[in-house]
């Protein structure tokens, strides 16, 4: 878990599905926090309306890969931009939940 401190808010990056979040909830005012779950969050300790996305159990990391953000620096910038928008508007993002199916047709665009 990482906490990035900005002027008005803090971004809490959850790097695993079962992190111990008691330190965060005991140390900060939750109204100043924005949670970003990279691999999905399965707990109930954190307020779901403070997550960047409406479906925090889905992987935000997977969403960024679908957006073509492979570099760690690009991903951090994207997370920051999304969190600023969330802080200013209060609107959570909705990310797709897609499970790869091996028997689905795939077109090779390199040809």
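FYI, it's all coordinate maths here, none of it is from the lab. Bear in mind the structure is a predicted one, so any value in this text is a computation, not a measurement. Heads up, the Cβs are rebuilt from the backbone with ideal geometry, glycines too, and the neighbour counts pull from every protein chain shown.
Here are the numbers for this structure:
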{"read-out": "Gaussian network model of the chain, Cα within-10 Å springs - most flexible of 57, 26, 76", "value": "26"}
{"read-out": "Relative contact order (percent, whole number), the chain, Cα cutoff 8 Å, 6+ residue spacing", "value": "21 percent"}
{"read-out": "The chain: Rg to Rh, with Rh as the Kirkwood radius over Cα pairs", "value": "1.02"}
{"read-out": "Footprinting exposure proxy for 31, 47, 59 (fewest neighbouring C-beta atoms within 10 Å first)", "value": "31, 47, 59"}
{"read-out": "Calculated SAXS-style log₁₀ I(q)/I(0) at q = 0.26, 0.27, 0.31 Å⁻¹ - segment 1-55, Debye, Cα scatterers", "value": "-1.14, -1.25, -1.65"}
{"read-out": "The chain - share of DSSP beta bridges that are antiparallel (%, nearest 5)", "value": "35 percent"}
{"read-out": "Most mobile listed residue (23, 52, 14) in the chain, GNM with C-alpha springs under 10 Å", "value": "23"}
{"read-out": "Label-to-label distance, nm, for residues given as residue 65 and residue 8 (7 Å Cα→Cβ offset)", "value": "3.4 nm"}
{"read-out": "Fluctuation leader among 24, 95, 11 - the chain, Gaussian network, Cα springs under 10 angstrom", "value": "24"}
{"read-out": "Residue 73 paired with residue 28, simple spin-label distance in nm, labels 7 Å along Cα-to-beta-carbon", "value": "2.5 nm"}
